[in-house]
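Down below is the structure, laid out as structure tokens.
The values are calculated or read from the model by the stated rules, or taken from the named source; none is laboratory data. Computed from a prediction, not measured in an experiment: that's the story for all the values here. Methodologically, a virtual Cβ is constructed for each residue, glycine included, from the backbone with ideal geometry; neighbour enumeration extends over all protein chains shown. Ligands, DNA and RNA are excluded from the accessible area calculation, which covers all protein heavy atoms including side chains. Shrake-Rupley method; radii C 1.70, N 1.55, O 1.52, S 1.80 Å.
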Amino acid sequence: MLWENTVTEITALISNIQKYSIHDGPGIRTTVFFKGCPLLCAWCHNPETQVFNAEIKWQGDKCIGCLSCVAACPKQAISAAADGVAIDPELCGVCGACANICPSLAMELLGKSYTPKQLYAEIIKDALFYQQSGGGVTLSGGEPLSHDAFALALLQRLKADGIHTAVDTAGFVPWRVFEQLDPYIDLYLYDIKHLDSDIHEQYTRVPNQPILDNLQKLSQLAREIWLRIPLIPGVNDDPGHIRRIGELARRLGLREIYLLPYHRMAAAKYARLQLPYTLGALEEPQQQQLEELADILSATGANAHIGG
């Protein structure tokens, strides 16, 4: 076990530790959002987790002009500007001193470094909720399996304590990562974004063949896998495409499929992070359409769910 060697040797950037989660597996859970993902989905609902390094973001609408961040920066990377403050990316060490002192939370540090032991110490505080509800811990992101050494150490300790573990993954990692971590994972929440590789690459920047290959191999291991489809209007919500996903699941012996309807709530995150959001004009799926697509999946033998 790697546990005794992880105090200083292994770290990962964590974007958020969401407690009392009920949508990322059974029971009451703690969902840990890792920073960094090999995909760049146009509809990503967690854009703060896309890049692998820590970031400092300034929100002008929150800034009160006190300039406490200027005085706090040890690298002198922040200066007063006509519209608030300016951050010199060449000087910024992303230490978070400005975010720690900012009274209006206009400065935000995206990504906090943890060792597995430090993260475990936070997770285990809610062990009673896991025990009473049949819940556990879900690793999400970003792509948690991109942090394979860290995930292995943490999952090993959680399983040693009898805590249910789930991994929310896009599946775009080498198969060796699944082989190494699989003994310590109780449930996979496995994203299927599009079955056409060209369309998949257009909207995510990566091909889908490694994802589908890994899914097939996992299914042969008879693991518990819940397929999750982020349903994006005009991209992957065609009834014929949804039927193909249902047929794929049937061939692989997978029953649980979750339709995750697109929503506009992420647009505010993109604005806060000063990132372009290309899908802002899309309409959210209507309930009738969602029910019709769920019926299509059900007809292929799946247990179809809307949301979750």
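Just a few scattered comments:
- The set of residues from segment 66-124 being hydroxyl-bearing (Ser, Thr, Tyr) and farther than 20 Å from Phe52 by Cα comprises Ser68, Ser79, Ser104, Tyr120.
- Per this entry, Ile28 is counted among residues that are over 19 Å from Ser146 (Cα atoms) and of a type in the set (A, V, I, L, M).
- Flag: Leu110 matches the condition of being within 30 Å of Tyr203 (Cβ to Cβ) and crowded, with 16+ Cβ neighbours inside 10 Å.
- Residue within segment 271-285 that is more than 25 Å from Glu48 (Cα to Cα), at pLDDT 90 or above and either within 25 Å of the chain's Cα centre (by Cα) or surrounded by 16 or more Cβ atoms within 10 Å (Cβ to Cβ) (or both) present: no
- Qualifying residues in segment 20-45 (those that are open to solvent by 40 Å² or more (accessible area, probe 1.4 Å) and modelled with pLDDT of 95 or more) - the one farthest from Leu91 (Cα to Cα): Pro26
- Residue selection: Ala127 satisfies the criterion of being in a helix (DSSP H, G or I) and in contact (Cβ under 8 Å) with a residue 12 or more places away in the chain.
- Restricting attention to segment 178-204, the residues that are in contact (Cβ under 8 Å) with a residue 60 or more places away in the chain and within 17 Å of Thr165 (Cα to Cα) add up to 2.
- Being surrounded by fewer than 16 Cβ atoms within 10 Å (Cβ to Cβ), touching a residue at least 60 places away in the same chain (Cβ under 8 Å) and closer than 16 Å to Ile17 by Cα is a property that holds for Glu122.
- Of everything in segment 56-96 that is touching a Leu at 6+ places or on another chain (Cβ under 9 Å) and hydrophobic (A, V, I, L, M, F, W, C), the residue that is surrounded by the fewest Cβ atoms within 10 Å (Cβ to Cβ) is Ala80.
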